[in-house]
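The values are calculated or read from the model by the stated rules, or taken from the named source; none is laboratory data. Owing to the predicted nature of the structure, the values given are computational and were not obtained by experimental measurement. So basically every Cβ, Gly included, is an ideal-geometry build from the backbone, and we count neighbours across all protein chains shown.
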Amino acid sequence: MASDTKTIWIGFDLGGTKMLAIAYDQDWKELGRRRRKTKGSEGSENGIERIASTIERLLGDNDLNKANIAGIGIGCPGPIDLVKGRILMTPNLGWDNVDVGDFLKKRFDCGVIVLNDVDAGLYGEYLFGSAKDARCAVGIFPGTGVGGGCVYDGQILQGAKYSCMEIGHTRVSADRRASGSAISGTLEAEASRLTIAAEAAKAAVRGDAPHLLEEAGTDLREIRSGALAASIEKGDKIVKELVEESARSIGISVANIVNLLAPDKIVLGGGLVEAMEDLIVNTVRKTAKANVMSVYKDVFEVVAAKLGDDAGAMGAAAWAKRKLDQPK
C-alpha cells in the first residue's frame, strides 16, 4: 500500500472491563483515542454495537474520515476463530460465537483482523515495547482472567483456524476451584485478580485485612488492582501472601513454557502487574528459575510490559496492517 498521510489504522482492545480504540497513521503516530467501560451484562449484540459506536466517536472527536480507514485490528479475550473473525467464547464476558469481524467490515467498509487480546498486547510489546528484538516472546497477562500469547520470529503463534496459548486454562493444581470455564485447578483459577480479590475479601471479613476493608470493602467489583496494592503498602500481610501465591503459580507455568519453547523474553502485563510490578515480576522470575531444567536458567528474562493499556490497541493495529498489506 502506498504511503498516504491520510491513511488511518484503527487498533481496538476489548478488555474485561474496558474498551480502548486508538487511531494511528502509517508511522504509528497517534491521531486520537476513545475509551469506554465494557458492560459484561449487556450481551454481545449491544456489546458489538458499543464497539462500533466507540470507533465512530473516535473518528468524530478527531475529525478523521471513515473513508481513510485502511483497516481495523481488534483484540478480544478468549479463543478466536481466525478465519471467520469470530469470538468463540469469552469466559469473563459471557459472549459466545460473536461475528465481530463481519459486523465491523460492514459498518466501516474496510478490512478487519480479529485476534486474541493478549496476542495483540504481546505483539505491541514485541514491536514497540519490552519484548523488542526478541526471537521468541511469551506474554502472560493476569487480570479478570489470565491470558497468554506468543510471538515467534515475528509471527504471532496461532493455530490453523483458532487462536491458541490459552495458558490461563491449563491445569496447574489439583484444587477444585474453577474460574471462568468449567475446568478446575487452572492457572486462571489460581492466579487471576478475581481469585486474589475473592480470597482477600474473605480475609477482610475475618479481620485479617483491615486496610483492604477500609480501602475497598468486600465487594469484588471494588477490590481492584490498585486497592490490593494499597492494602499491601499499608501492611495487610495476608494480601501480600495471596499475591505472592498467585505469582508463584504463574512462575510454575513460566517454567513449563520455558522447558517447551525456550523463549528469551517472558512479558508480564495487565493492571495487576502494573500495580505491583516488583512484587509480581520478582516472584515469577524466582519461581520460574527454580523450576526449569538447569540448562535453561539463564536463557530467558522475565520483564514487565512497558506500553500499559496501549499495547493491545497498538499491537492489534500493527497486526492488521501486516495481514492486510500482504499480497493476496
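What to note about this one:
- For ASP102, the conditions (1) in a strand (DSSP E or B); (2) outside the structural domain of ALA227 (by TED's automatic domain parsing) are fulfilled apart from (1).
- If you go through segment 240-277 and keep only what is in a helix (DSSP H, G or I), over 23 Å from ALA227 (Cα atoms) and among the hydrophobic types (A, V, I, L, M, F, W, C), you end up with ILE252, VAL254, ALA255, ILE257, VAL258, LEU260, LEU261.
- Any hit, segment 261-269, residues being in contact (Cβ under 8 Å) with a residue 40 or more places away in the chain, farther than 17 Å from ILE196 by Cβ and among the charged types (D, E, K, R): yes
- Test: residue in segment 143-156 that is in a loop (DSSP other than H, G, I, E, B), under 27 Å from ALA189 (Cβ atoms) and at pLDDT 95 or above: no
- Residue under evaluation ALA316, criteria (1) surrounded by 22 or more Cβ atoms within 10 Å (Cβ to Cβ); (2) in the same structural domain as ARG135 (by TED's automatic domain parsing); (3) modelled with pLDDT of 95 or more, criterion not met: (2)
- Residue within segment 298-305 that is part of a helix (DSSP H, G or I) and within 23 Å of ASP133 (Cβ to Cβ) present: no
- Of all the criteria given as (1) touching a residue at least 40 places away in the same chain (Cβ under 8 Å); (2) out of contact with any Lys or Arg (no Cβ under 9 Å at 6 or more places or on another chain); (3) over 30 Å from VAL83 (Cα atoms), the one not satisfied by GLN158 is (3).
- Evaluation of LEU220 against (1) at pLDDT 95 or above; (2) out of contact with any strand residue (DSSP E or B) (no Cβ under 8 Å at 6 or more places or on another chain) (one fails), failing number: (1)
- Inside segment 73-88, residues that are part of a strand (DSSP E or B) and in contact (Cβ under 8 Å) with a residue 60 or more places away in the chain make up a count of 7.
For every residue, the table says whether it meets (1) within 25 Å of LEU307 (Cβ to Cβ); (2) polar (S, T, N, Q).
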| residue | (1), (2) |
| --- | --- |
| THR38 | yes, yes |
| GLU45 | no, no |
| ILE51 | yes, no |
| GLY60 | no, no |
| GLY85 | yes, no |
| MET89 | no, no |
